[in-house]
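Novice: Mind having a look at this structure? Questions to follow.
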Amino acid sequence: MEKCEKCSLLEELAQPFGYAYHCCCGFFSSTLDAWQKSAGYTWIYDFMAPRFQMVLDSLPVYFNYRGRTWLIEFWKGQYGINAGAEIGIYHADRLLSETEYRTAHFQAAGEAELLNCTMQLSLENGACVKISERHWWLTAFLPGVFARPSSLCLKAAVCFGDREMLEAFYRGLCRTGYAVEGITVQNLCLCFTFHWPVQEHYGFLTRLRRRLSQCLNRMNCRLFLWVTRPFTCTEDRILFLYYYIPFCFRRLMRLRRFHRRCHRKHGCRRPKCCRRCRPRRRKRS
């Protein structure tokens, strides 16, 4: 297959999972109409992430703007066998108190509320990936790359629609404890670098889960590279999994958010593959 044909096939395969493949740089990113948009965001996603082999550093920025509490959160870390980063834009349906931040459900920004975002993720070995789009959930995931969250450096820029929203976000970022000297504002764009988490107070069990998940992620990354060792480019590695080890391909594409949508929709509470749920639905019908 030619390179264009491979990229076209990968684009088609990734679309149902809510992602697009960037052939020029070899990474996946989320689409505007990704199904994850309907799930919104709640704090429990981040709390449960280590149980699903997602070991992340996060920087949530809460601020009030025009009668609603907004959340713009930044993530970087290891997503299974993928190293990556995210910028998510959400808002509640009203003003929230600080005690409600961890219990409230935030909706994804609507089409008229999308913001121009840019992020550059730098790895420890000096490699970097950059993406810029008008989005509600800007992401970049590098398959087969293992990294410690603290070794990743995320340079982020967000362009706001007006000065009021920019100033509200700026105050929210300062409340997280981020140093004012590291923030750059130019016109309606705010830029900063997210390297070390500002607040990191993990309990013993959470630290243990993060370490165990990272050990498993490291092992799976090495296994992925070993199984696909005849190939050198990312497209060939992923397509090899798709044709010969489809189960591993599905696991690879579950980059973010817990894969329970199908099971919640059809009443299956067991965390098994959707393929195993379908025969049950046929029998019932």
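Novice: Keeping all protein chains in place and using 1.4 angstrom, which order do R211, R218, R251, R237 fall into by accessible surface area, from largest down?
Specialist: R211, R251, R218, R237
Novice: Pick out which of R134, R209, R94 has the largest mean-square fluctuation in a Gaussian network model of the chain, springs linking Cα atoms closer than 10 Å.
Specialist: Result for the chain, Cα springs under 10 Å: R94 fluctuates most.
Novice: Would you please state the base-10 log of I(q)/I(0) at q = 0.16, 0.19 1/Å for the stretch 1-133, with intensities from the Debye formula using one equal scatterer on every alpha carbon?
Specialist: With no solvent term, the Cα-only Debye profile gives -0.95, -1.26.
Novice: Distance from the Cα centre of the stretch 64-81 to that of the stretch 183-229, in angstrom?
Specialist: If you average the Cα positions of each part, the centres end up 15 Å apart.
Novice: Continuing with this model, one more query. Quick one: helix 274-284 against the long Cα principal axis of the chain, what's the angle to the nearest 10°, folded into 0 to 90?
Specialist: Computed tilt is about 80 degrees.
Novice: Considering the Cα trace of the stretch 202-255, what is its radius of gyration and what is Dmax, both in angstroms?
Specialist: 14.0, 42
Novice: Given the whole protein assembly as supplied and a 1.4 Å probe, what does the accessible area of R222 come to in Å², nearest 10?
Specialist: For R222, the solvent-accessible surface is approximately 150 Å².
Novice: So which aspartates and glutamates can K130 reach, going by Cα to Cα under 15 Å and dropping same-chain residues fewer than 8 places off?
Specialist: Partners found: E86.
Novice: Sticking with this one: Rounding to the nearest 10 and keeping the result within 0 to 90°, find how far the Cα-based axis of helix 234-244 lies from the longest principal axis of the chain.
Specialist: With both axes taken from Cα atoms, the answer is about 50 degrees.
Novice: According to a simple spin-label model (label point 7 Å from Cα along Cα-to-Cβ), what is the distance in nm between K130 and L223?
Specialist: 3.7 nm
Novice: Stokes-Einstein at 25 °C, 0.890 mPa s, Kirkwood radius from Cα pairs: D for the stretch 154-259 in µm² s⁻¹?
Specialist: Answer, rounded: 137 µm²/s.
The values are calculated or read from the model by the stated rules, or taken from the named source; none is laboratory data. Being a predicted model, the structure only gives us computed values, none of them experimental. With ideal geometry, Cβ positions are generated from the backbone for all residues, glycine too; neighbour counts draw on all protein chains shown. For accessibility, only protein heavy atoms count, side chains too; no ligands or nucleic acids. Shrake-Rupley method; radii C 1.70, N 1.55, O 1.52, S 1.80 Å.
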